[in-house]
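*Asks:* Please read through the structure below; I'll follow up with questions.
FYI, it's all coordinate maths here, none of it is from the lab. As the structure is a computational prediction, the values presented were derived from the model and not from experiment. Neighbour counts run over all protein chains shown; Cβ positions are idealised from the backbone, glycine included.
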Amino acid sequence: MSFSRRTLLKASAATAVMGGIGAPLVARAQTAEFTYKYANNLPDGHPLNQRAKEMAAAIKAETNGKFDLQIFPNNQLGSDTDMLSQIRSGGIEFFTLSGLILSTLVPATSINGIGFAFPDYDTVWKAMDGNLGAYVRGEIKKAGLEVMDNIWDNGFRQTTSSTKPINGPEDFKGFKIRVPVSPLWTSMFKAFDAAPASINFSEVYSALQTKIVEGQENPLAIISTAKLYEVQKYCSLTNHMWDGFWFLANRRAWEKLPADVRTVVAKHINAAAIKEREDVAKLNAGLQQELAGKGLTFNQPNVAPFREKLKAAGFYAEWKGKYGEQAWELLEKSVGKLS
């Protein structure tokens, strides 16, 4: 399976023009005994959908056409909130969702987004493929959903600015930064004495262009596809949050499958997740070079001072209280002492 940044950018551009309208990516089998829908919010060219198509074909082949997975990318079946409701009701059978959004239903799922907890991917996978991930999956199952073992990669979030690079926590003081509508984001940047502003993503470009805010934070792929490099000068590789997609299943639909089919489906979904992680890492490495060529100046700040600032401001203590002792202990076993 191969894809390129150009593929991703073209897919994103098409998404913007077409508004996500179009036929689903379908792996059809006329004699399928089980035809299940898998929905997600990413464009066709993203590694997640490229690997999903490969996965669907492998499942169909190994089940001799018994299981037909239809893929609906790019919010074709609704917003994240809509699709979360649909998977709970059985309107769709599979859905990948960020833990930061799933936390509206399962609070523990946003724990991987704790500010400056994960310094690198090795630490992420140690936690999410280990005891912390197992704990979070247990909480998801308590909420009535099934979830696959391996989380898919959404990436680390980076900070861009039109005024200055972010080299240390002091550079955030008074910094006007756009953030999503989320208590986790708002409380973190307030702990840095920044001035976070909740702005709809569709308005981010114009807000940066007109200097309503100085900066924003997103994974490199979003910075590229939204052309934020046109209105930003610096990109600080803060890696301040890592996020991934949990592969969710409607419980009734999952239990309806024969055990041997479930085994095949889970095997290929989990294998595809590992491949997608490798794809995203390669994509991000290439994007840094590409964005530098378009004028963004990159810097790599030291994580330790940011952690110390958050600790001193009581950020970690506050969120430890919200997540509970057990979850926090599992997080710190992977990333080190935070609170």
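*Asks:* Based on a Kirkwood Rh over C-alpha pairs, give the Stokes-Einstein translational diffusion coefficient of region 237-287 at 20 °C and viscosity 1.002 mPa s in µm²/s.
*Replies:* The calculation lands on 160 µm²/s.
*Asks:* Taking N as the number of residues in region 223-325, what value does Rg over Cα atoms divided by 2.2 N^0.38 Å take?
*Replies:* 1.58
*Asks:* Straight distance only, please: which aspartates and glutamates reach the Cα of residue 227 with their own Cα at less than 14 Å, same-chain residues fewer than 8 apart left out?
*Replies:* The reachable aspartates and glutamates, counting only those whose Cα sits under 14 Å from residue 227, are 203, 217, 290.
*Asks:* Same structure again: State the dimensionless ratio Rg/Rh of region 120-165 (Rg: radius of gyration of Cα atoms; Rh: Kirkwood radius).
*Replies:* Result: Rg/Rh = 1.19.
*Asks:* Take region 82-175, compute every pairwise Cα distance, and split them into 10 Å bins from 0; I just need the percent in each bin.
*Replies:* P(r) over region 82-175, rounded to whole percents: 13, 40, 26, 16, 5.
*Asks:* Could I ask something else about it? For the chain, modelled as a GNM with alpha-carbon contacts under 10 angstrom, which of 122, 279, 171 fluctuates the most?
*Replies:* Looking only at 122, 279, 171, the largest GNM fluctuation is found for 122.
*Asks:* May I ask you to work out the translational diffusion coefficient for the chain at 25 °C, viscosity 0.890 mPa s, via Stokes-Einstein with Rh from the Kirkwood sum over Cα pairs, reported in whole µm²/s?
*Replies:* 118
*Asks:* Using the Cα centre as the reference, give the magnitude of the dipole from point charges on the C-beta atoms of the chain (Lys, Arg: +1; Asp, Glu: -1; all else neutral), rounded to the nearest 20 debye.
*Replies:* It comes to approximately 260 debye.
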